[in-house]
Amino acid sequence: MAANIETNTEGIETMHAFEETPSAEAPAAVALGRAIVITSGKGGVGKTTLTANVGAALAALGKRVVLVDADVGLRNLDIVLGLENRVRFHLLDVLEGNAQLDEALIRDKRNPNLYLLAAAQAREKEDVDGGEMQRLMEQLRERFDYVLIDCPAGIELGFRNAVAGAQHAIVVCTPEVSAVRDADRVVGLLPNDWSPELIVNRLRPALVRKGKMLSVDDVNAILHLPLLGVIPDEPAVIVATNKGEPPALDPNSQLGAAYRAIAARLTGEETAPAEIPTEPQGGGFLAKLGAFFGGRSNV
Ligand SMILES: Nc1ncnc2c1ncn2[C@@H]1O[C@H](COP(=O)(O)OP(=O)(O)OP(=O)(O)O)[C@@H](O)[C@H]1O
Ligand SMILES: [Mg+2]
């Protein structure tokens, strides 16, 4: 479905579908976009930051992208994008029929290809109906090339609802034993026919070299997932987040390049494997990890 941008009286840009021209012919098949849930199990590993930055990078590649904040009750994605003052309606307003989808979609300040569907702040995850969520994601897939769903932490109802309308998952993991264990649990809960991809976030190569931090290989010795990308640990992320400016859009930063490489890999524009910072020989951490994992089913 084609769409049009309008600015309402408060200066907020919303998205409006064009009226379809009635036709006696059968409608042409709509190429559906890809709905991807960004999940981790463990909280605070960088899901929201990644959703915003990978979304901004995909939009910069000319893709039509909507970011869905599925963390009902703990809205954050709007802040990372600097759109917090523009939220009038949220996901639950749309699911419950209190607002039209077009009224709730907020266009990004920088890129007309990028939209946000914010989460409700004063509601509970239990208020979301999984079936409705699935239907809404299908609707979004008709309009956008990519629907990135920012999943709440945990593996309960909020996780299940976020996964409901997706067909693919990106698993975010930091180089910590607890994050690896939670990521492993999440992978085990995803549909069997999915092939989730891994992003290792907050890597500090200097610590890895000293043997003080898990390496990407250590992490993936447990998870065994295709590696979509590695993001360094950078204080610049926190500074940018506070300013509502995704670092993915900074052409000069190594950090921005790491987010853009993930976007390029998702679209298939980049086919080379994700670059892994230099790592030490041997794996002192592997023995430690082994104590936590007796095989996925035991975790
Ligand atoms: N690569 C990075 N380098 C440094 N800090 C980072 C990086 N990625 C994320 N952070 C910081 O980590 C914190 C948690 O990030 P974020 O909110 O994206 O995690 P989350 O997984 O969405 O958390 P939650 O599970 O609570 O939703 C934030 O302060 C963010 O700025
Ligand atoms: Mg989050």
Looking at ARG260, ARG185, ARG265, which is the one that is modelled with pLDDT of 95 or more, within 16 Å of ligand 1 (Cβ to nearest atom) and under 30 Å from ARG160 (Cβ atoms)?
ARG185
Answer with yes or no whether ALA56 is away from ligand 2 (no atom under 13 Å from the Cβ), assigned to a helix (DSSP H, G or I) and either of a type in the set (D, E, K, R) or on the phi < 0 side of the Ramachandran plot (or both).
yes
GLY165 fails exactly one of (1) within 27 Å of LEU255 (Cβ to Cβ); (2) under 18 Å from the mean Cα position of the chain (by Cα); (3) surrounded by 24 or more Cβ atoms within 10 Å (Cβ to Cβ); (4) away from ligand 2 (no atom under 16 Å from the Cβ), namely (1)
Filter the range 12-60 for residues that are away from ligand 1 (no atom under 16 Å from the Cβ), modelled with pLDDT of 55 or more and in contact with a Lys or Arg (Cβ under 8 Å, 6 or more places away or on another chain); which is farthest from LEU190 (Cα to Cα)?
ALA60
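Does ASP102 meet the test of being in contact with a strand residue (DSSP E or B) (Cβ under 6 Å, 6 or more places away or on another chain), of a type outside the set (S, T, N, Q) and surrounded by fewer than 20 Cβ atoms within 10 Å (Cβ to Cβ)?
Details: in contact with a strand residue (DSSP E or B) (Cβ under 6 Å, 6 or more places away or on another chain): yes; of a type outside the set (S, T, N, Q): yes; surrounded by fewer than 20 Cβ atoms within 10 Å (Cβ to Cβ): yes.
Yes, satisfied.
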Counted residues, the range 81-135 - those being in a loop (DSSP other than H, G, I, E, B) and either modelled with pLDDT of 90 or more or not acidic (Asp, Glu) (or both):
26
Select from the range 207-236 the residues that are away from ligand 2 (no atom under 16 Å from the Cβ) and assigned to a strand (DSSP E or B) and list them in ascending order.
LEU227, LEU228, GLY229, VAL230, PRO232
Residue in the range 146-160 that is in contact with a strand residue (DSSP E or B) (Cβ under 8 Å, 6 or more places away or on another chain) and more than 14 Å from ligand 1 (Cβ to nearest atom) present:
yes
Scan the range 190-207 and tell me whether some residue there is acidic (Asp, Glu) and away from ligand 1 (no atom under 15 Å from the Cβ).
yes
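The values are calculated or read from the model by the stated rules, or taken from the named source; none is laboratory data. Nothing here was measured: the structure is a model prediction, and the numbers come from that model. A quick note on method: Cβ atoms are made from the backbone with ideal geometry, for glycine too, and the neighbour counts reach across all protein chains shown.
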